[in-house]
Amino acid sequence: GIEFIDSYVFNKVEHIRFNSTVGRYVGYTELGLKNAEAWNKGPQLGQEQAELERFCKPNAALEYRAILDKT
């Protein structure tokens, strides 16, 4: 399967991450935890899930086909 990860990093510290396997945001700092809680309840969660369907899955299918064509 596909795993889509969208990380939010500031000053080389990952504060929050959306992971499509988990299906929600996860916070790694105090601020990240607060944002994850809010974003999991808001429109941001649906936007990340839509990005998986819109961008990741079609492109993964193209890449997979390209690999198969080379073998």
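The values are calculated or read from the model by the stated rules, or taken from the named source; none is laboratory data. For clarity, every value in this text was computed on a predicted model and none was experimentally measured. We place every Cβ from the backbone using ideal geometry, glycine too, and count neighbours over all the protein chains shown. Side chains are part of the model used for accessible areas, which takes the heavy atoms of the whole protein and leaves out ligands, DNA and RNA. Shrake-Rupley method; radii C 1.70, N 1.55, O 1.52, S 1.80 Å.
Could you do me a favour and compute the accessible area per residue for the chain, 1.4 Å probe, result in Å²? Per-residue value: 75 Å². Counting only alpha carbon atoms, the long axis of helix 30-39 and the longest principal axis of the chain meet at about 70°. When the chain is treated as a GNM with alpha-carbon contacts under 10 Å, the residue of Asn19, Asn40, Asn11 showing the greatest mean-square fluctuation is Asn11.
Helix 57-70 axis versus longest C-alpha principal axis of the chain: approximately 40°, rounded to the nearest ten. The Rg/Rh ratio for the chain, using Cα coordinates for both the radius of gyration and the Kirkwood hydrodynamic radius, is 1.11. Per-residue extension of 0.36 nm, minus the Cα-Cα distance of Ala60 and Tyr28, leaves a gain of 8.7 nm for this segment.
What does the charge count near Ala36 come to, summing +1 for each Lys or Arg and -1 for each Asp or Glu among other residues with Cβ under 15 Å from its Cβ?
On the way: positive: Arg17, Arg24, Lys34, Lys41; negative: Asp6, Glu14, Glu30, Glu37, Glu48.
Around Ala36, the charge tally is -1.
Close Lys pairs in the chain (alpha-carbon distance under 27 Å; sequence gap of 8 or more, or different chains): 4.
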